[in-house]
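Notes follow once the structure below has been shown.
The values are calculated or read from the model by the stated rules, or taken from the named source; none is laboratory data. Computed from a predicted model, the values in this text were never measured in an experiment. Every residue, glycine as well, gets a Cβ built from its backbone with ideal geometry; the counts of neighbours run over all protein chains shown.
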Amino acid sequence: MKRVAVCAVAQHKCDSNIWQKRFQGMLLDVLEDIKEQTGMNFSEEGGVKSIVSASDDVFDARTISDNGMTDVLGAHYREEEKMAQEGLNGLGYAMSVILSGHEDAVYVAGHCKESQGESRNMCTNLSYDPFYGRAMGLDYTNVAALQARAYMEKSGLTEEQLAKVVVRAREWAAKNPYANATKQVELGEVMYSPMLCDPIRTMHAYPVSDGAVGFLLASEEKAHEFTDNPVWLTGFGCCMDSYFLGDRDLASNFALKRAAARAYKMAGITDVRKSVNLVEVMDCFAYQQPMWLEGLGFCGDGEGGQFIDDEGPAKYNVNLSGGMLAGNPVMTGGLYRAAEAVLQLMGKAGDHQAADVNCAVAQSTTGGAGQFHTVLVLEK
Amino acid sequence: MAEYFGTAVEDIFNTMEERFIPEGTHGVDATIGYNISGEGGGNWKVTLKEGTLKVERLDAEVTGCAVTLNAEAETFVGVTLGKIDAGEAFSGGKIRVDGDITILVNVLPKAFRQFTPVIWARDILATVRERFRPEKAEGVNMKIGYDLSGEGGGQWTVVVKDQTCDLKEVLDDDCTVVMRMEAPVFVDLNQGKLDGATAFTSGKVKIDGDIGAAGQTASLFEKYVAEGAAEEKGEELISLKCVPSINQRYATGPAVGRWFDGLKEKKFYASKCPNCERTLVPPREICAECRVRCNEFVEVGPEGTVTLIDVVYYASPDPLTGKIRETPYTALFMVLDGASRDESFAHDLNPKDIDRIKPGMKVRPVWAEKRTGSYKDLLYFEIAD
């Protein structure tokens, strides 16, 4: 079977208020970074001719927003597709472009500037129907609280375990030059931080973040033109759960388990706990880290709380980037996860480099309370 | 009297009194003019002031109102009934509004209940065949007579036989039952505005013949639903009008920021591609073709040469002010002096020059007196004679 290589990644440092740049400006930085690393060009002869962008029209406040940034995507006079789900799915798009033989190199870039709109909760409120969900005031934050409550009941997850997740995330974030929230915190600070929507506290939620990420993907034959240190994308899977919250068992991880099973099957992974030694999960809220790890199969059903106490996250090198809790914008939460996994597998993760990593999983979610899940397997 | 969609323009104004909601006009003091042209049209002036309403029909064109609406009779009726999309009629120039449009948008919906066209007994009876339910009429054999008096009245016989239904515009002698009432009572009963038993006991309806048969008629027919309302009621469709709005804080970035800075000093800056040397107006951070960052700025203009002209006749709001733009307005494309040949730039044209402007002409900028670094710093371009 053909293989798809990641030849390079570029991350814009995340921040809560990149007021001085347009979102296009962040993408331009990322584009230049990839060009510098790889010599990527967009010429008709041998250059990249396929571009996948990932963005959200409501966060951009523009209709079909990718049309307004062809220049900073390198997409001028080339083919371009927009991924409206979280950007990790853009890598899935790009993999299919290469695996089908359509093109042998694809540039993938995602961005989101959460600080542009007055309130990111107002943006995600628009994902609900105008008659009922919006009227009730549903958004990704308070819908997550429903799931947090359901999952805490099921798993016995405690306030202290949630706080441990946050404290550890900040410790790792401090070593990651692209992370946003790097201020060190103590358990008590997290446990008594103001309540956002019970049981989610202020410090359980990822900070408002702006950022952009770029990837250069290529076929196995083409990859050597750009790098001698490729990372292979060997498995990809995604799964959509019901839009209506009432139709879902919010604590079940149904969609994530399906997505993971598809990705693992493609990668030939039979026992994830034996094969995978680095995990990046998109934990927008603290409860999601144990919950998603459970869905990915790193611990048993309902054992996420105990997994925290048993140092499971350390054992599997979970979120050495700091994770979403350290602040990435929601539409690129998974792209940042994959970028970290790539750097780790390439051995380029600097101060937070893990030893002996050869197989990683990156996960992302879009929609309220993990409606849609995506899982990517990356190998050295 | 000319009717459109079964309704005359007059009907709309004549029912304003009964549709008026005084409590919806708190703090309102406004006059609204209507100049409705074409057959059945006319001129009306509507005055709303703190819970009071005055509707006047004038002999001449209404002027001097806070807002005046001008439209053809058909358009006016169609929009009132929801048969013609108001937004399209407006942007297509079929409705012209002078003055403060917010009165029409914000005040009217609170001041009046929706106009509903008059329904006649004849309209209701005309649908009796299609509303007939044969499955409920097994073994039923009867003639139902209607003797309706007053405006819109008449005599009809509905014949139900062998699971079929027919309507005759005459009152047969051998009716099983005859129901006598004023035509508006019949209309109200069919619209559910009046309860059948109450109407009978209060004497509004008189029944001759088999009273039991009269009671049975309701089950033989589907409920009458007015035309146009049919689909909505049938499928319970409701439409919700609201404006989703999230305040945005857009960044200019360094290139467009430089442009607005320049406007303050009456200067136009272009960014220049270090590779192909073309100028980008307004400036951008990257040359899309060469895919290289453009850090150099050069001054261009202030005069330019016209390349393309686009005259817009439909109305649309200006997002910077929220006000409706004056029409016609022009998007004028030009190459500023010193800019590379293929890179044209667009701005407004002084409306007085619309009739004279041609490609190839030289134009010059006209600046606002007070410039703050915004689009409005430049009023427009005009022909440089």
Practice item. Starting from residues that are of a type outside the set (D, E, K, R) and touching a Ser or Thr at 6+ places or on another chain (Cβ under 9 Å), keep the ones in region B:255-272 and report whichever is nearest to B:ASN295 (Cα to Cα). Key: B:SER271
Exercise for review: Determine the pairs where a residue that is within 14 Å of chain A (Cβ to nearest Cβ), located within region B:250-267, has a partner that is in a helix (DSSP H, G or I) with Cβ atoms under 6 Å apart, the partner being 6 or more residues away or on another chain.
Suggested key: B:GLY253/A:GLY25
Point to revise | Cross-chain or 6+ apart pairs with Cβ under 6 Å, region B:277-291 first and within 7 Å of chain A (Cβ to nearest Cβ), then assigned to a loop (DSSP other than H, G, I, E, B) and surrounded by 24 or more Cβ atoms within 10 Å (Cβ to Cβ) | key: B:ARG291/A:GLY74
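Mind listing just one residue for me: the one in region B:128-151 that is of a type outside the set (Lys, Arg), assigned to a loop (DSSP other than H, G, I, E, B) and in contact with a strand residue (DSSP E or B) (Cβ under 9 Å, 6 or more places away or on another chain) and, of those, surrounded by the most Cβ atoms within 10 Å (Cβ to Cβ)?
The first filter runs over region B:128-151 and keeps only residues of a type outside the set (Lys, Arg), leaving B:128, B:130, B:132, B:134-135, B:137-142, B:144-151.
Then keep just the ones that are assigned to a loop (DSSP other than H, G, I, E, B); that gives B:137-141, B:150-151.
Filter once more, so that each one left must be in contact with a strand residue (DSSP E or B) (Cβ under 9 Å, 6 or more places away or on another chain): B:137, B:140-141, B:150-151.
On the way: B:ALA137: 20, B:VAL140: 18, B:ASN141: 11, B:GLY150: 12, B:GLU151: 10.
Looking at the filtered set, the residue picked out is B:ALA137.
Kindly indicate whether B:GLU303 is of a type in the set (Asp, Glu) and within 14 Å of chain A (Cβ to nearest Cβ). Don't jump to the end; show me each part of the working.
On the way: of a type in the set (Asp, Glu): yes; within 14 Å of chain A (Cβ to nearest Cβ): no.
So B:GLU303 does not fit the description; no.
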Practice item. Go over the candidates A:ALA314, A:ALA362, A:ALA349, A:ALA369 one by one and state the one that is under 11 Å from A:VAL279 (Cα atoms) and in contact with a Leu (Cβ under 9 Å, 6 or more places away or on another chain). Key: A:ALA362
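Of B:VAL105, B:VAL97, which residue is in a helix (DSSP H, G or I) and of a type in the set (Val, Ile, Thr)? Before you say what the answer is, go through the steps one by one.
Numbers: B:VAL97 fails: in a helix (DSSP H, G or I).
Only one candidate passes the filter, namely B:VAL105.
Give me the strands (runs of 3 or more DSSP E) completely within region A:188-277, filtered to those with at least 3 residues that are buried (at least 21 other Cβ atoms within 10 Å of the Cβ), ordered by residue number. So that I can check it myself, show each step before the final result.
Numbers: elements: A:195-197, A:210-219, A:231-240.
Fully inside region A:188-277 and qualifying: A:210-219, A:231-240.
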Revision key, fill the gap. Scanning region A:296-328 residue by residue, the ones that are assigned to a helix (DSSP H, G or I) and in contact with a strand residue (DSSP E or B) (Cβ under 7 Å, 6 or more places away or on another chain) total 1
**Study point:** Yes/no for A:GLN24 being at pLDDT below 95, within 13 Å of chain B (Cβ to nearest Cβ) and either surrounded by fewer than 21 Cβ atoms within 10 Å (Cβ to Cβ) or within 19 Å of B:ARG293 (Cβ to Cβ) (or both)
**Key:** no
Review point. If we only count strands (runs of 3 or more DSSP E) wholly inside region B:252-365, which ones have 2 or more residues that are on the phi < 0 side of the Ramachandran plot and β-branched (Val, Ile, Thr)?
Key: B:296-300, B:304-312, B:329-336
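Just for region A:90-105: of the residues that are small (Gly, Ala, Ser) and in contact (Cβ under 8 Å) with a residue 40 or more places away in the chain, which one is surrounded by the fewest Cβ atoms within 10 Å (Cβ to Cβ)? Spell out the reasoning first.
Going through region A:90-105, the residues small (Gly, Ala, Ser) turn out to be A:90, A:92, A:94, A:96, A:100-101, A:105.
Retained after the next criterion (residues that are in contact (Cβ under 8 Å) with a residue 40 or more places away in the chain): A:90, A:92, A:94, A:101, A:105.
Values: A:GLY90: 31, A:GLY92: 22, A:ALA94: 28, A:GLY101: 9, A:ALA105: 25.
Residue satisfying both the conditions and the ranking: A:GLY101.
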Check your understanding: Would you pick out the residues in region B:209-240 that are of a type outside the set (Gly, Ala, Ser), modelled with pLDDT of 70 or more and part of a helix (DSSP H, G or I)?
Key -> B:ILE211, B:GLN216, B:THR217, B:LEU220
Exercise for review: Assess whether A:MET331 counts as being in contact with a Cys (Cβ under 6 Å, 6 or more places away or on another chain), part of a helix (DSSP H, G or I) and either hydroxyl-bearing (Ser, Thr, Tyr) or modelled with pLDDT of 95 or more (or both).
Suggested key: yes
Review point. Would a scan of region A:285-295 turn up a residue that is buried (at least 21 other Cβ atoms within 10 Å of the Cβ), assigned to a helix (DSSP H, G or I) and of a type in the set (Asp, Glu)?
Key: yes
Practice item. Give me the pairs, please: first residue somewhere in region A:115-126 and at the interface with another protein chain (Cβ under 7 Å from one of its Cβ atoms) and among the acidic types (Asp, Glu), second residue anywhere and assigned to a loop (DSSP other than H, G, I, E, B) and crowded, with 16+ Cβ neighbours inside 10 Å, beta-carbon distance under 9 Å, and either six or more positions apart or on two chains. Key: A:GLU118/B:ILE246
Exercise for review: Just one of (1) within 14 Å of another protein chain (Cβ to nearest Cβ); (2) within 22 Å of the chain's Cα centre (by Cα) trips up A:TYR132, so point out which.
Suggested key: (2)
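Of B:ALA71, B:ALA137, B:ALA66, B:ALA86, which residue is within 18 Å of B:THR7 (Cα to Cα), touching a residue at least 12 places away in the same chain (Cβ under 8 Å) and not aromatic (Phe, Trp, Tyr)? Reasoning before the result, please.
On the way: B:ALA137 fails: within 18 Å of B:THR7 (Cα to Cα); B:ALA66 fails: within 18 Å of B:THR7 (Cα to Cα); B:ALA86 fails: touching a residue at least 12 places away in the same chain (Cβ under 8 Å).
Result of the check over B:ALA71, B:ALA137, B:ALA66, B:ALA86: B:ALA71.
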Practice item. Could you tell me which residue of region A:1-21 is modelled with the highest pLDDT, considering only residues that are more than 21 Å from A:ARG337 (Cα to Cα) and more than 14 Å from chain B (Cβ to nearest Cβ)? Key: A:LYS2
Check your understanding: Pick from region B:309-324 the residues that are in contact (Cβ under 8 Å) with a residue 12 or more places away in the chain and over 17 Å from B:ASN70 (Cα atoms): which of them is nearest to the chain's Cα centre (by Cα)?
Key -> B:VAL312
Exercise for review: Determine whether B:LEU379 is in contact with a His (Cβ under 8 Å, 6 or more places away or on another chain) and either of a type in the set (A, V, I, L, M) or outside any strand (DSSP E or B) (or both).
Suggested key: no
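Can you confirm whether B:ALA60 is over 20 Å from the mean Cα position of the chain (by Cα) and free of Cβ contacts under 8 Å to residues at least 60 places away in the same chain? Lay out the reasoning, then the answer.
On the way: over 20 Å from the mean Cα position of the chain (by Cα): yes; free of Cβ contacts under 8 Å to residues at least 60 places away in the same chain: yes.
In short, yes.
So in region A:106-155, with the set limited to residues that are among the aliphatic types (A, V, I, L, M) and touching a Pro at 6+ places or on another chain (Cβ under 7 Å), which one is surrounded by the most Cβ atoms within 10 Å (Cβ to Cβ)?
A:ALA148
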